[in-house]
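Take a look at the structure below.
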Amino acid sequence: MKRRDFIQQASLGTALISLGGIGLSSCTSNVKAKKITILHTNDVHSHIDPFGPKDGRNANKGGVARRASLIESIRKENPNTLLLDAGDIFQGTPYFNYYGGELEFKIMSMLKYDAATIGNHDFDNGIDGLYAQLPHAKFNFLSANYDFSNTVINTHVKPYKVFNIDTIKIGVFGLGIELEGLVDPRLYKETKYLDPVEITQDITRALKNDEQCDLIICLSHLGYSYKSESNKISDLRLAEATKDIDLIIGGHTHTFLPKPTITKNIEGKNTLVNQVGCYGINLGKIDFYFDSNHNKKADGTSIIV
């Protein structure tokens, strides 16, 4: 067996064994469900190559080529697939130092990412450096709580995008962490940070009521949780303080979750929160199943690349 085929089959086997029922709501059992697959990464930090055999706990993991093979096999299994990223695409290897993000965006375009949000390290070459690389990105950048109106990337970042897949409408929006105190102001210039909870309430209302979305996904670079800073907004706190988000795909805190966390929103309904660590070591995979009335349930796992 070719090595690539073995990696594909081994990874998929792990995914299927790990899948457990994470019900968002019940589906009608006598009607064939439509399946939407959400694949996601976060905090890849310019890791193009796999880790070497002597790289400790990450030995022989990751790498864009392996991720590409895995994504390709999953798309063949289910063409109704979205591929998303939760930010911090830049910074971490000499590839970024030398190419300034060009290689990362070109590779993500080749992998056919559908959307990404912006992490704090994506400003490491300044907002002008980010802008210079945008022509290499053949996917959407989404950020609802960064006001870029007085910057060069104003028209290049949208608050949300709606994807129509097999009659299922999927609304995806992005949120970024507060940059003050984390990033040199000279790098993000006149970018304004807006309150994520207030923005989320506005965005989810638009996606649910105006756009009539069946599934709402937040790409968040807020961080999973902060025990020592109880008042700091995080993915878990965002889920608890808002409504109508089905899935929060997180980043920033490099949190390795074997499967999504289920937390209750402000209405007592289930929200999934997931994050797959960092450096492209894992690929998140969440399958949503819709019945004829667009009621949904979900299974989720983290696949080692």
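The values are calculated or read from the model by the stated rules, or taken from the named source; none is laboratory data. Everything quoted here is computed from the prediction, not taken from an experiment. Glycine gets a Cβ as well: all are built from the backbone with ideal geometry, and neighbour counts include every protein chain shown.
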Spans of strands (runs of 3 or more DSSP E) in segment 192-305 with at least 3 residues of a type outside the set (A, V, I, L, M) and closer than 26 Å to ARG66 by Cβ: 282-290, 296-304
Residue satisfying condition, being of a type in the set (A, V, I, L, M), within 22 Å of the chain's Cα centre (by Cα) and at pLDDT below 95, within set LEU16, LEU82: LEU16
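Based on what the data block shows, is ALA132 buried (at least 19 other Cβ atoms within 10 Å of the Cβ) and closer than 17 Å to THR191 by Cα?
no
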TYR289 being among the hydroxyl-bearing types (Ser, Thr, Tyr) and closer than 30 Å to ASP55 by Cα: no
Every residue from segment 217-235 that is touching a Phe, Trp or Tyr at 6+ places or on another chain (Cβ under 8 Å) and either within 16 Å of LEU142 (Cα to Cα) or surrounded by fewer than 24 Cβ atoms within 10 Å (Cβ to Cβ) (or both): ILE217, CYS218, LEU219, LYS232
Flag if LYS243 is touching a residue at least 12 places away in the same chain (Cβ under 8 Å) and surrounded by fewer than 17 Cβ atoms within 10 Å (Cβ to Cβ): no
Residue match in segment 72-84 (condition: over 25 Å from LEU257 (Cα atoms) and free of Cβ contacts under 8 Å to residues at least 24 places away in the same chain): yes
Number of positions in segment 156-191 that are among the polar types (S, T, N, Q) and within 21 Å of the chain's Cα centre (by Cα): 1
Top-ranked residue in segment 95-129 [being touching a Gly at 6+ places or on another chain (Cβ under 6 Å) and either among the polar types (S, T, N, Q) or modelled with pLDDT under 95 (or both); ranked as surrounded by the most Cβ atoms within 10 Å (Cβ to Cβ)]: THR117
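Out of ILE281, ILE286, ILE245, ILE249, I need the residue that is under 19 Å from VAL172 (Cα atoms), hydrophobic (A, V, I, L, M, F, W, C) and in contact with a helix residue (DSSP H, G or I) (Cβ under 7 Å, 6 or more places away or on another chain). Which one?
Working: ILE281 fails: under 19 Å from VAL172 (Cα atoms); ILE286 fails: in contact with a helix residue (DSSP H, G or I) (Cβ under 7 Å, 6 or more places away or on another chain); ILE249 fails: in contact with a helix residue (DSSP H, G or I) (Cβ under 7 Å, 6 or more places away or on another chain).
Going through ILE281, ILE286, ILE245, ILE249 in turn, just one is under 19 Å from VAL172 (Cα atoms), hydrophobic (A, V, I, L, M, F, W, C) and in contact with a helix residue (DSSP H, G or I) (Cβ under 7 Å, 6 or more places away or on another chain): ILE245.
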Verdict on PHE163 being outside any helix (DSSP H, G or I), of a type in the set (Phe, Trp, Tyr) and surrounded by 16 or more Cβ atoms within 10 Å (Cβ to Cβ): yes
